[in-house]
1. Report the relative contact order of the chain, percent, no decimals, based on alpha-carbon pairs under 8 angstrom and at least 6 residues apart.
2. Provide the FRET efficiency to the nearest 0.05 for the Lys230-Lys537 pair, computing r from the beta carbons and using R0 = 35 Å.
3. Of the cross-linked pairs Lys12/Lys476; Lys12/Lys359; Lys249/Lys506; Lys397/Lys537; Lys141/Lys225, which ones have a Cα-Cα span greater than 31 Å in the structure shown?
4. Beyond 17 Å, what share of the Cα-Cα pairs of region 163-287 remains, rounded to the nearest whole percent?
5. If you count the DSSP beta bridges with both ends in the chain, what percent of them are antiparallel, to the nearest 5?
6. Using the Karplus curve 6.51 cos²θ - 1.76 cosθ + 1.60 with θ = phi - 60°, work out ³J(HN,Hα) for each residue of region 438-445 in order, rounded to whole Hz, and write x for Gly and Pro.
7. What does the net charge come to around Gly142 if you take all other residues with beta carbon closer than 10 Å to its beta carbon, with K and R at +1 and D and E at -1?
8. With runs of 4+ DSSP H residues as the only contributors, calculate the mean residue ellipticity of the chain at 222 nm using -39,500 (n - 2.57) per run, divided by the residue total and rounded to the nearest 500.
Amino acid sequence: MALKTINPTTTKSWKKLEEHFNNVKDVHMKQWFAQDAERANKMTIKWEDFYVDYSKNRITEETLNLLLELANEVDLKDAISKYFEGDIINETEGRAVLHTALRAPKTAEVLVDGENVIPEIYSVKEKIKDFTNKIVNAELKGYTGKAFTDVVNIGIGGSDLGPAMVVDSLSYYKNHLKTHFVSNVDGDHVNEVIKNLNPETTLFVIVSKTFTTQETLSNATTIRKWFLEKAPDNAVAKHFVAVSTNIEKVKAFGIDENNIFPMWNWVGGRFSLWSAVGLSISLSVGFENFDKLLQGAHKMDEHFKTEDFDKNIPVIAGLLSVWYNNFFNVETEAIIPYTQYLNQFATYLQQGIMESNGKSIDRSGEPINYQTGTIIWGEPGTNSQHAFFQLIHQGTKIIPAEFIGFAKSLHGNQDHQDKLISNFIAQTEALLNGKSKEQVIAEGAPEKLVPFKIFEGNKPTTTILINQLTPESLGKLISLYEHKIFVQGVIWNIFSYDQFGVELGKQLANAILKDIDEKEIVNKHDASTLNLLKFYKNLT
């Protein structure tokens with residue numbers, strides 16, 4: 001077995017953490033700040049252009065030491081080595097987990113089944129670069145000789161969420177090509193995207209490892225039919241490219257074999273934006289910026305792989321998550337980026353985190369008797385302050401929040417930036433300190449309103465302040481969360497890189513689709529499902 005199988009609740013450190021939790025669970029963080037003038041400095045990590053302050057968390061130095069002891073007891077260091085070295089840590093699917101290799105330098109050596117995969121990775125990167133430059137510079141054109149103006153990415157899950165999030169996040173760096181994403185099998189979605197497109201100037205990128213994914217193939221087929229209403233059959237080869245391993249099916253679709261970009265089974269879908277799955281990113285912002293994204297991710301990889309755990313950003317982030325999830329019984333974490341550019345970031349991380357660590361069976365195949373995956377949600381600030389922050393400030397739940405901000409704006413409006421960052425900092429201060437009864441009374445609140453205006457405070461936050469949003473800094477940030485997922489999974493003794501939980505619904509959907517297509521319902525269903533099916537069939 002590649003990863004060790006250690007139930008965390010049986011470790012000495014876990015028992016110590018349980019005892020420690022009972023001692024600190026009701027303490028207000030303000031008390032710890034008052035007792036230690038150096039607390040903020042001790043609990044801040046400065047690395048490259050990142051400033052990570054985790055001092056506003058419900059932890060003491062003892063908490064941190066015990067969490068680090070837990071990391072050592074489950075042998076996180078060994079797991080990290082196996083992760084980067086290509087061991088079969090995705091054991092249920094018999095695969096290595098090597099999205100990190102996709103951003104490794106050309107001189108690196110990463111072995112899969114005894115073969116160094118780096119030369120192959122760089123061969124594909126060269127192909128992405130060449131294709132991107134030819135499309136952007138109008139060396140490759142559509143079937144009528146017109147330059148491309150639009151790119152449509154057709155995929156779902158990791159073949160959509162990652163590229164869509166990055167393209168949106170880096171829209172400041174975009175070139176003249178307009179980028180669109182089609183994912184949902186909802187026919188209204190695909191038709192809304194294509195209704196204003198010109199088939200003569202649109203490039204379609206189909207992303208599907210097996211080229212059999214129902215949603216992706218349905219959308220691709222619908223788009224192909226729409227395209228061929230105006231274009232000849234042989235034009236498909238000029239307007240459609242694919243990222244896939246199923247070369248025969250792609251060729252049968254009409255795509256030129258030269259326009260097929262490979263994928264690897266040692267890269268999970270939700271971690272695949274660094275591969276040819278990111279072709280739409282490269283087309284949108286140019287290959288140089290795509291490469292900078294990869295370089296940034298690699299820098300975070302090196303930090304995670306080599307830095308001591310007490311100064312290691314993904315390790316600390318993962319340990320804090322375990323602390324809240326397993327000791328405070330916190331179920332959700334909010335991710336609040338203070339930039340509109342990252343408005344899809346929490347959505348992207350929902351898949352990355354919840355699909356990875358939403359598991360109830362441990363690495364021995366036994367049911368788990370402790371909490372694993374956390375529920376991830378969030379929206380950009382300051383919008384979120386006027387939406388769900390009421391719940392975080394005065395609700396009955398503890399909701400740890402990670403605040404992500406960028407010190408320098410991209411367009412340079414300093415007045416707006418100062419207001420944005422003042423909110424960014426003020427919210428974490430308010431969540432820490434709250435507002436006491438005495439303060440409310442001193443403000444002159446009517447007596448009957450006093451209880452309603454009290455803020456308990458003691459709400460945990462971690463602040464990640466980055467110099468500026470660049471392709472490189474975004475790469476670092478995404479990589480940070482990838483490694484946080486890994487840390488959580490190692491401690492919870494689960495396999496983070498399979499996703500069997502998404503398959504049952506797909507299988508049942510195929511059976512129900514047959515019942516919809518046929519005159520009679522032939523498959524067995526429960527009474528509720530049967531009624532819904534009959535109601536739908538009667539309407540259609």
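1. Details: 861 pairs, mean separation 97.1, N = 540.
Relative contact order of the chain: 18 percent.
2. Working: r = 35 Å, r/R0 = 0.99.
With R0 = 35 Å, the Cβ-Cβ based efficiency is 0.50.
3. Details: Lys12/Lys476 34 Å; Lys12/Lys359 24 Å; Lys249/Lys506 21 Å; Lys397/Lys537 43 Å; Lys141/Lys225 20 Å.
Table pairs above 31 Å Cα-Cα are Lys12/Lys476; Lys397/Lys537.
4. 58
5. Values: 14 of 44 bridges.
Looking only at bridges with both residues in the chain, the antiparallel portion is about 30 percent.
6. For region 438-445, the Karplus-derived couplings read 4, 5, 5, 5, 4, 6, x, 5 Hz, x marking Gly and Pro.
7. On the way: positive: Lys141, Lys146, Lys238; negative: Glu200.
My count for the surroundings of Gly142 gives +2.
8. Details: 21 runs with 236 residues, N = 540.
The helix contribution divided over the chain gives -13500 deg cm²/dmol.
Any read-out appearing in this document is the output of simple, stated calculations on the displayed coordinates, not a laboratory observation. In this text the structure is predicted, and so the values were computed from the model without any measurement. Please note: Cβ atoms are built from the backbone with ideal geometry, for glycine as well, and neighbour counts cover all protein chains shown.
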